[in-house]
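The structure under discussion appears below in the form of structure tokens.
The values are calculated or read from the model by the stated rules, or taken from the named source; none is laboratory data. Source: prediction; values computed, not measured. Virtual Cβ from ideal backbone geometry, glycine too; neighbours counted across all protein chains shown. For accessibility, only protein heavy atoms count, side chains too; no ligands or nucleic acids. Shrake-Rupley method; radii C 1.70, N 1.55, O 1.52, S 1.80 Å.
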Amino acid sequence: GRNFECYAEDPELSARLTVAFVRGLQARGVGACVKHFVANDVEWERHRASAEMDERTLRELVLVPFEAAVCEAGAWTVMAAYNRLAGTHCTEHPRLLTDILRGEWNFDGAVISDWIATQSTAPSVMAGMDLEMPGPPRHYGAKIADAVKRGELTEAAVDACARRILALLAKTGALDAPRGIDAPEHAID
């Protein structure tokens with residue numbers, strides 16, 4: 001699984017280490033990205049696997065380090081996991097991203113997908129995911145504009161994503177930095 005990317009199996013120990021790391025990193029103007037939200041415990045069939053657990057397990061074990069990272073340390077970003085939770089992809093899970101993360105924990109940062117974890121356009125945006133990684137986009141980009149035109153997405157939902165990404169860029173100073181030219185002829189093969 002992904003245990004090599006965890007601080008500890010104990011949720012409280014993991015929470016304490018996470019809070020210290022996030023605070024230290026962000027004190028230097030670098031946004032911490034807390035991953036993998038949530039229950040991303042397998043590599044085999046990671047896009048199709050679904051973590052099934054009761055509410056107590058979710059709240060008392062799995063969510064503890066994430067809640068500490070957001071509520072205590074003020075993490076600027078959270079990375080949505082590849083897997084599903086109770087049958088719904090974490091990248092398009094309204095209960096996780098909207099109800100718990102943004103609602104209960106008052107998270108106002110950016111939610112990004114793990115690499116090629118995004119499975120949809122409108123459902124993921126509506127659930128509260130802001131940025132599909134990596135580029136070029138498979139489900140975002142022009143597909144977001146098309147979903148707005150078709151009435152599957154509201155402009156307000158897209159604007160909320162854009163505001164969160166711009167706020168992250170402002171926090172890191174990226175909006176103040178000199179801009180380079182991102183052109184195909186400058187790419188390294």
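Considering only protein heavy atoms and a probe of 1.4 Å, how much of the accessible area of the chain is carbon and sulfur, as a whole percent? Mind showing how you got there, number by number?
Details: 5910 of 10500 Å².
On the chain, the fraction of accessible area on carbon and sulfur atoms equals 56 percent.
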Point to revise | Leading residue at positive end of dipole, the chain (Cβ point charges), from Ala49, Thr118, Thr18 | key: Thr118
Review point. Loop-only check: which trypsin sites (Lys or Arg not before Pro) in the range 29-131 are DSSP coil with at most 13 other Cβ within 10 angstrom?
Key: Arg48
Point to revise | Reciprocal mean inverse distance between Cα atoms of the range 38-147 - Kirkwood radius, Å | key: 14.1
Check your understanding: To one decimal place, what Kirkwood hydrodynamic radius in Å is obtained for the chain from all pairs of distinct Cα atoms?
Key -> 17.3
Point to revise | For the range 30-189, accessible area per residue (1.4 Å probe, heavy atoms of protein chains only), Å² | key: 53
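Restricting to DSSP H runs of at least four residues, report the calculated mean residue ellipticity at 222 nm for the chain, -39500 (n - 2.57) per run over all residues, nearest 500 deg cm²/dmol. Mind showing how you got there, number by number?
On the way: 5 runs with 52 residues, N = 189.
Mean residue ellipticity, 222 nm, calculated: -8000 deg cm²/dmol.
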Point to revise | Stokes-Einstein diffusion coefficient of the range 83-135, Kirkwood radius over Cα pairs, 10 °C, 1.306 mPa s, in µm²/s | key: 146
Check your understanding: What residues qualify as long-range amide H neighbours of Lys35, i.e. H under 5 Å apart, gap of 5 or more or another chain, H built at 1.01 Å from N?
Key -> Met79
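At 1.4 Å probe size, put Trp76, Trp105 in order of accessible surface, largest to smallest. Before the final figure, lay out the partial values.
Values: Trp76 35, Trp105 15 Å².
Putting Trp76, Trp105 in descending order of accessible area: Trp76, Trp105.
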Review point. For the range 8-108, which GluC sites (Glu not before Pro) are both in a DSSP coil and crowded by at most 16 other Cβ atoms within 10 Å?
Key: Glu9, Glu43, Glu45, Glu52
Exercise for review: With label points built 7 Å along Cα→Cβ from the Cα atoms of Leu25 and Lys149, find their separation and express it in nm.
Suggested key: 3.8
**Study point:** For the range 100-108, 3J(HN,Hα) per residue [Karplus equation, 6.51 cos²θ - 1.76 cosθ + 1.60, θ = phi - 60°, Hz, x = Gly/Pro]
**Key:** 7, 4, 7, x, 5, 9, 6, 5, 10
